[in-house]
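One structure below.
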Amino acid sequence: PNQPLATRDVFAHFKEAFEKPEPSPQSFTDFAGLVRYLSVRQNQLQHAATGMMPEIQMILDNLAKTKDCALARMSGSGATCFGMFADAEQARSAAYT
């Protein structure tokens, strides 16, 4: 959203217990495998961050609807959002839509 969101504030709004992390594979054989792995996991701070800054959810929703976006997520404690694309051409195309 091009606005700062302090990590300490997000943690202060986080009212849940952190889930125990699952072991991660050493590597992925392909992009689809990485997306499958990530798609069943979540950023546990996202609910707190979007509660403080609803624009984050709007950006994530728009990214997810972007042609060829395999996965849209928030990075860390927010407010940076990103989309994952299979290749650079798809990412470049999405950047100009």
Filter result for Met58 (surrounded by fewer than 16 Cβ atoms within 10 Å (Cβ to Cβ) and among the aliphatic types (A, V, I, L, M)): yes
Subset of the stretch 29-39 that is over 12 Å from the mean Cα position of the chain (by Cα) and not hydroxyl-bearing (Ser, Thr, Tyr) - its residue that is least open to solvent (accessible area, probe 1.4 Å): Gly33
Among the candidates Gln26, Gln44, residue that is of a type outside the set (Phe, Trp, Tyr), open to solvent by less than 60 Å² (accessible area, probe 1.4 Å), part of a loop (DSSP other than H, G, I, E, B) and more than 23 Å from Ala95 (Cα to Cα): Gln44
Pair list, Cβ < 8 Å and 6+ apart or interchain, from the stretch 1-12 residues that are on the phi > 0 side of the Ramachandran plot to residues that are acidic (Asp, Glu) and assigned to a loop (DSSP other than H, G, I, E, B): none
Long-range neighbours under 6 Å by Cβ, at least six apart or interchain, first residue on the phi > 0 side of the Ramachandran plot and of a type outside the set (Phe, Trp, Tyr) within the stretch 47-75, second open to solvent by 20 Å² or more (accessible area, probe 1.4 Å) and outside any loop (DSSP other than H, G, I, E, B): Asp68/Gln90
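The values are calculated or read from the model by the stated rules, or taken from the named source; none is laboratory data. Worth saying up front: this structure is predicted, and the values here are computed from it rather than measured. With ideal geometry, Cβ positions are generated from the backbone for all residues, glycine too; neighbour counts draw on all protein chains shown. The accessibility values were calculated without ligands, DNA or RNA, using every heavy atom of the protein model including side chains. Shrake-Rupley method; radii C 1.70, N 1.55, O 1.52, S 1.80 Å.
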